[in-house]
Amino acid sequence: MTRTEFWQGNTACAEGALAAGCNFFGGYPITPSTEVAELMAAKLPKKGGVFIQMEDEIASMASIIGASWTGARAMTATSGPGFSLMMENIGFAAMTETPCVVVNVQRGGPSTGQPTMSAQGDMMQVRFGSHGDYAVIALSPATVQEMFELTAKAFNLADKYRTPVFLMADETVGHMREKILVPDSVEKIGRKPFVPGTPPFKVTDPDLIPGFPTFGTGQHVHVTGLTHDERGYPAATNPPLHAALVKRLVDKIENARDEMADYDIVNPDAEQVFVAYGGPVRTVMQVMHDKKDTNIGFLRIRTVWPFPEKALAKFKNAQRFLVPEMNLGQIAREIQRHVKVPVVPIPKLGGELHTPAELVKVLEGKA
């Protein structure tokens with residue numbers, strides 16, 4: 001059963017987290033994500049969970065890592081400047097294989113930038129922002145419905161793959177209001193059980209994911225951001241072990257990229273193909289509705305990282321890919337790596353969505 005609600009995107013995000021069983025939120029208020037924290041502060045304690053406002057975003061990220069190790073489904077929400085502060089601890093979460101969810105409602109940058117305006121300028125930062133080699137899972141909602149659904153999905157992905165998962169929203173979607181359908185319950189996928197008596201980071205399955213030894217359950221586990229062996233003990237001067245560990249952390253995500261891929265394809269035989277995620281999806285949909293031209297295709301991406309490059313190959317007649325983004329062409333560069341036809345970035349800065357007229361100009365070769 002479902003019920004109908006008229007929610008703001010950030011409200012839908014918080015409600016999606018609550019539906020998914022989130023029981024710890026550690027954060028620091030920052031525009032344009034603050035409503036997520038406000039709603040969690042109001043509702044989480046009533047559900048037996050814990051809300052804590054930390055002194056900054058560095059501590060916020062640290063708090064959800066610690067909460068996760070006690071078995072909590074933990075989340076934080078932020079925007080650009082706060083996201084930058086979280087980067088070292090995001091790397092720690094990746095290295096320690098700590099499941100958690102980070103919501104970034106993006107705004108214009110760099111620095112303080114445009115606190116109340118929209119952007120998609122953090123899409124490369126989420127992939128490469130912390131130091132070293134690691135892989136991430138990042139989802140990008142284009143509707144209020146998807147703010148709810150993808151937030152809930154993020155918790156399942158985090159627990160399944162033992163990794164931080166990111167909801168890369170934007171101010172446009174975070175602050176708009178739409179009618180959505182809210183289910184009575186959502187699917188919950190738990191963490192792989194830990195086998196008592198085995199080393200806590202020992203991998204025995206082809207998925208390369210170790211079982212999770214929750215703090216407080218009597219298991220002996222050492223957690224460190226240093227290169228570590230299967231026991232969790234530091235082994236930072238062992239080159240082969242470091243190489244094997246980092247390769248496994250990357251491969252457990254990259255090997256499952258097809259399973260995680262989430263996208264829609266419209267008109268696969270088209271010669272001109274839009275590729276979009278987040279807010280710009282809405283403008284492309286308006287253009288598709290207005291033009292009604294089967295020679296215009298559309299790849300709508302929800303899982304941006306790992307990037308679903310196989311989806312591009314489904315447009316076998318494509319002569320060029322058109323990529324509207326609220327940045328200077330971050331994902332357009334990724335697309336260029338995977339296709340042999342021209343990729344046309346359609347960048348827009350300043351905090352506003354592309355208009356349909358702006359996209360049509362490029363489509364018709366007038367811009």
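State, as an integer percentage, the relative contact order of the stretch 2-183 based on alpha-carbon contacts under 8 Å between residues 6 or more apart. Can you show the working numbers first?
Values: 416 pairs, mean separation 56.2, N = 182.
31 percent.
With N residues in the stretch 2-183, what two-decimal value do you get for its Cα radius of gyration over 2.2 N^0.38 Å?
So the Cα radius of gyration is 0.92 times the expected 2.2 N^0.38 Å.
Tell me which chymotrypsin sites (Phe, Trp or Tyr not before Pro) from the stretch 2-56 have a DSSP coil assignment and no more than 16 other beta carbons within 10 Å of their own. It would help to have the intermediate numbers written out before the result.
Values: sites: PHE6, TRP7, PHE24, PHE25, PHE51; in loops: none.
Here no loop site has a sparse enough neighbourhood.
What do you get for trypsin sites (Lys or Arg not before Pro) in the stretch 313-346 restricted to DSSP loop and a cutoff of at most 16 other Cβ within 10 Å of the site's Cβ?
Listed in order of number, the matching sites are LYS314, LYS316, ARG337, LYS340.
Return the single residue from GLY91, GLY113, GLY80 with maximal mean-square fluctuation; model: Gaussian network over the chain, springs between Cα atoms under 10 Å.
Comparing GLY91, GLY113, GLY80 in the GNM, the peak value goes to GLY113.
Among DSSP bridges having both ends in the chain, what percentage is antiparallel? Round to the nearest 5. Numbers along the way, then the final one.
Numbers: 16 of 50 bridges.
Among the beta bridges of the chain, antiparallel pairing accounts for roughly 30 percent.
Considering only the stretch 263-363, what is the antiparallel percent among its DSSP beta bridges, to the nearest 5? Before the final figure, lay out each step's value.
On the way: 4 of 17 bridges.
Of those bridges, close to 25 percent are antiparallel.
Once each part is reduced to its C-alpha centroid, what is the distance from the stretch 38-64 to the stretch 259-332 in angstrom?
36
5 Å is the cut-off here: which amide hydrogens, built 1.01 Å from N in the peptide plane, fall below it relative to GLU325, excluding neighbours closer than 5 in sequence?
ILE346, LYS348
THR112 to MET54: extension gain in nm, 0.36 nm per residue of separation minus the Cα-Cα distance?
Residue separation times 0.36 nm, minus the Cα-Cα distance, leaves 18.9 nm.
Of PHE194, SER111, VAL341, which is farthest towards the positive pole of the chain's charge dipole, taken about the Cα centre with +1 and -1 on the beta-carbons of Lys, Arg and Asp, Glu respectively?
Projecting each Cα onto the dipole axis, the largest value belongs to VAL341.
Each residue of the stretch 333-349 in order: what ³J(HN,Hα) in whole Hz does its phi give by Karplus 6.51 cos²θ - 1.76 cosθ + 1.60, θ = phi - 60°, with x for Gly and Pro?
Coupling constants for the stretch 333-349: 5, 5, 5, 4, 5, 10, 10, 10, 9, x, 10, 10, x, 10, x, 8, 10 Hz.
Please report the orientation-averaged projected area of the stretch 257-367, defined via the convex hull of its C-alpha atoms, in nm².
The Cα convex hull of the stretch 257-367, projected and averaged over all directions, gives 6.3 nm².
Sorted by packing (mean other beta-carbon atoms within 10 Å per residue), highest first, where do 292-305, 8-21 land?
Listed from highest to lowest mean packing, they are 8-21, 292-305.
Just going by the charge dipole of the chain, with Lys and Arg at +1 and Asp and Glu at -1 on Cβ, which of GLY49, THR151, ALA59 is farthest out on the positive end?
My answer, from the dipole projection, is THR151.
Compute the Kirkwood hydrodynamic radius of the chain, taking the inverse of the mean of 1/r over all pairs of distinct Cα atoms, and give it in Å to one decimal.
Values: mean 1/r = 0.0475 Å⁻¹.
Result for the chain, one decimal place: 21.0 Å.
In this model, which of LYS179/LYS316; LYS47/LYS153; LYS202/LYS247; LYS153/LYS340; LYS188/LYS252 are farther than 25 Å apart at the alpha-carbon?
From LYS179/LYS316; LYS47/LYS153; LYS202/LYS247; LYS153/LYS340; LYS188/LYS252, over 25 Å: LYS179/LYS316; LYS153/LYS340.
For ASN317, what charge total do you get from the other residues with a beta carbon under 12 Å from its beta carbon, if Lys and Arg give +1 and Asp and Glu give -1?
+1
Take each of the peptides 159-172, 350-363, average the number of other beta-carbon atoms within 10 Å over its residues, and list them starting from the highest.
In descending order of packing, they fall as 159-172, 350-363.
Do any GluC sites (Glu not before Pro) in the stretch 53-151 lie in a loop, going by DSSP, with at most 13 other beta-carbon atoms within 10 Å of their beta carbon, and if so which?
Values: sites: GLU55, GLU57, GLU88, GLU97, GLU146, GLU149; in loops: GLU55, GLU97.
Of the GluC sites (Glu not before Pro), the ones in loops of the stretch 53-151 whose Cβ has at most 13 other Cβ atoms within 10 Å are GLU55.
Since every read-out is calculated from the coordinates, none of them should be taken as a lab result. Keep in mind it's a predicted model, so treat the numbers as computed, not measured. No Cβ is skipped: glycine too gets one built from the backbone with ideal geometry, and neighbour counts run over all protein chains shown.
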